[in-house]
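**Student:** Structure incoming, see below.
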Amino acid sequence: MKIIKQKIQFTDKLAYMGTGILLVAPYLVSYQIGFILLAVGITLLTPQVYKAKQWNLVLLNCSSIVGYTLQIFNII
């Protein structure tokens, strides 16, 4: 049996990190660090959906990034 190793692309690595961060962030959302983690996690997911040309998710991610960033600075 031959094992074929595939190289994981950089955008996929970013998406894995972003997913891991988003798994933890909701439990910390009562603190400011929760919103920071949410903004960072969504930012790390955005290149993968941009590469896949899923424009609706790119727009949704950008909107979420702006919303979480505004929440970090207590603007909204």
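The values are calculated or read from the model by the stated rules, or taken from the named source; none is laboratory data. Quick caveat: nothing in here was measured; it's all calculated off a predicted structure. Heads up, the Cβs are rebuilt from the backbone with ideal geometry, glycines too, and the neighbour counts pull from every protein chain shown. Remember, those area values only see protein heavy atoms, side chains included, never the ligands or the DNA or RNA. Shrake-Rupley method; radii C 1.70, N 1.55, O 1.52, S 1.80 Å.
**Student:** Relative contact order for the chain using alpha-carbon pairs under 8 Å, separation at least 6, rounded to a whole percent?
**Tutor:** Rounded, it is 29 percent for the chain.
**Student:** Follow-up. Does the chain come out rounded, prolate or oblate, given a ≥ b ≥ c as the square roots of the eigenvalues of its C-alpha gyration tensor, rounded meaning a/c under 1.5 and, failing that, prolate meaning a/b above b/c?
**Tutor:** Here the chain falls in the oblate category.
**Student:** Name the lysines eligible as straight-distance cross-link partners of Lys51: C-alpha to C-alpha under 27 Å, and not fewer than 8 places from it in the same chain.
**Tutor:** Lys5, Lys7, Lys13
**Student:** Separate question: Per DSSP H run of at least 4 residues, take -39500 (n - 2.57); add these up for the chain, divide by its residues and hand me the 222 nm value, nearest 500 deg cm²/dmol.
**Tutor:** -23500 deg cm²/dmol
**Student:** Right, here's the next one. Starting from the Cα-Cα distance between Ile72 and Val24, subtract it from 0.36 nm times their residue separation and give me the gain in nm to one decimal.
**Tutor:** Contour length minus Cα-Cα distance gives 15.6 nm.
**Student:** Let me ask something else. What whole-number value in Å² describes the accessible area per residue of the chain for a 1.4 Å probe?
**Tutor:** 78
**Student:** Tell me, what is the FRET efficiency for Leu14 and Cys62 to the nearest 0.05, using R0 = 22 angstrom and their Cβ-Cβ distance as r?
**Tutor:** Once rounded, the FRET efficiency stands at 0.90.
**Student:** Specify the longest stretch of the chain that does not include any exposed loop site, a site being one of the chymotrypsin sites (Phe, Trp or Tyr not before Pro) with a non-H, G, I, E, B DSSP assignment and at most 13 other Cβ atoms within 10 Å.
**Tutor:** The longest uninterrupted stretch comes out as 32-72.
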